[in-house]
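Inspection log for the structure reproduced underneath, given as structure tokens.
The values are calculated or read from the model by the stated rules, or taken from the named source; none is laboratory data. Note that this is a predicted model, so its numbers are computed, not measured. Backbone-built Cβ (ideal geometry, glycine too); neighbour counts: all protein chains shown. When the accessible area is computed, the model is the full protein with side chains, heavy atoms only, and any ligands, DNA or RNA have been set aside. Shrake-Rupley method; radii C 1.70, N 1.55, O 1.52, S 1.80 Å.
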Amino acid sequence: MTLDNVESPVSRNAATGAGRILRDSPSSHTADEYQTSFAIAQRWRAQHVAPTESCFKHVLDCSRQFDQSVATYRLKRMKSIIGKIRRPKSHFKLGELDDIGGCRLIVKTNDDVSRAAEYLQSTLSLKNHGQAQKDYISSPARSGYRSRHLLTNIPTDYGNYHVEIQIRTKLQHYWATAIEATDEIYGTNYKSGGADTHLSAVDNDGIRFFTIVSSLFALEERSPQIPGFTGDRDSLIGQLNELDCASQLLKDLRATTDSVFEIHTKLTECPELFLLKFSRANQYLDIDSFQQDHLKDALIQYDKLENEIKLDSSQQILSSTDADTSYDNVVLVYAQNPKQLDIAYPNYSANVNQFVEIVSHYLD
């Protein structure tokens, strides 16, 4: 859905009001109320298309200045949006979510992260002072998460919208991808760093595993370590080897990537833009490619794929396409050559394999 499909823009207050209904159980409202609120939420999401595309063009320009960098574009999926505002003990409001539109830039070093952030700050307007950026590299999160975030303020004909840019190194990206994959495997929330106070001993060890690994990665990058997990390489590796869950975690992560196969269609002679489409049900990754000057065509294809959704009779989100053709994850990627695509794969396979290989050396 694009803005052309709606009669008038949805205000932030209207979006927040719809979000309050979607946050409740479907049984708390009539089917019409729920369907109307879902439609408003879709329209609000659609209003982030143009500003996110505009932001992505700046990120593309930045990416071309860094050898082996990869830039990605995505809109938060409706299922993820509703999942976030329904998160227990949270107070997220639909009209105030700053990560509906997102771009990511993956570079080689922390110095590259800093240089890229400086460039993007010079070419884009940021959100109000104090909220414009978060440097989780200089000040890592307790969960182990490390990245640099810029929150841009993108003007459009129908208002200003916030688009988040994440800038990170490959090591930081491998870690973030692996912890997301782990949460999918076990149905946990390690990514939050233990925000759930009712964690089992096994889950606490799992969180500790990822925090120690993040501190080891920080050591390799000569950057600040995770609070509470500072120390030299040998002491951290010793702590990692003491965790009973370490070997099983790596084994389970490796197993998730074994059954995925790829199909490639519509490959251009000199591709730079790639549309990656992952189907979890069928365990395949489909890739379309576009030349750099066909960005508009790539964005149109992305938009079509991202908007094939509806609600079923019990107000659950479904794809509006058949199971054989629906995708669980879609991402648009700029890479200077196809070999760099691995780092942006939405099915986690290549990144998880890299993570497993690096951490396995710690456990030898």
query: Taking the Cα centre of the chain as the origin and placing charges on Cβ (Lys, Arg +1; Asp, Glu -1), which of Ile343, Ile165, Ala246 is farthest toward the positive end of the dipole?
result: Ile165
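Restricting to Cα pairs below 8 Å that are 6+ residues apart, what does the relative contact order work out to for region 100-215? Please round to a whole percent.
28
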query: What ranking, highest mean first, results for peptides 227-236, 15-24 when packing means the other Cβ atoms within 10 Å averaged over each residue?
result: 15-24, 227-236
message: Once the convex hull of the alpha carbons of the chain is built, what does its volume come to per residue, in cubic angstrom?
response: 146
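So how much slack lies between His29 and Asp67, counting 0.36 nm per residue of separation and subtracting their Cα-Cα distance, in nm?
On the way: separation 38, 0.36 × 38 = 13.68 nm, distance 5.26 nm.
Net length gain for the segment: 8.4 nm.
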statement: Mean Cβ-within-10 Å packing, highest first, puts peptides 160-171, 89-100 in the order 160-171, 89-100
message: List the residue ranges in the chain for DSSP H helices whose C-alpha atoms run 18 angstrom or more along the long axis and whose Kyte-Doolittle average is 0.5 or above.
response: 201-220
Carbon + sulfur, % of accessible area of the chain - ligands and nucleic acids excluded, 1.4 Å: 46
message: Quick check: pseudo-label points 7 Å beyond the Cα along Cα→Cβ at Asp328 and Gln291, how many nm apart are they?
response: 3.6
- prompt: Relative contact order of the chain: what whole-number percent is it, with Cα pairs under 8 angstrom and at least 6 residues apart?
  reply: 16
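Full extension from Ile300 to Ala255: what is 0.36 nm times the residue separation minus their Cα-Cα distance, to one decimal in nm?
12.7 nm
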- request: Would you mind getting me the FRET efficiency between Lys108 and Val202? Use the beta-carbon distance for r and R0 = 41 Å, nearest 0.05.
  value: 0.70
query: Using 0.36 nm per residue, how much length does the chain from Arg233 to Gln340 gain when fully extended, once their Cα-Cα distance is taken away?
result: 35.6 nm
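Excluding ligands, DNA and RNA, what is the solvent-accessible area per residue of the chain at a probe of 1.4 Å, expressed in Å²?
About 47 Å² of surface per residue is accessible.
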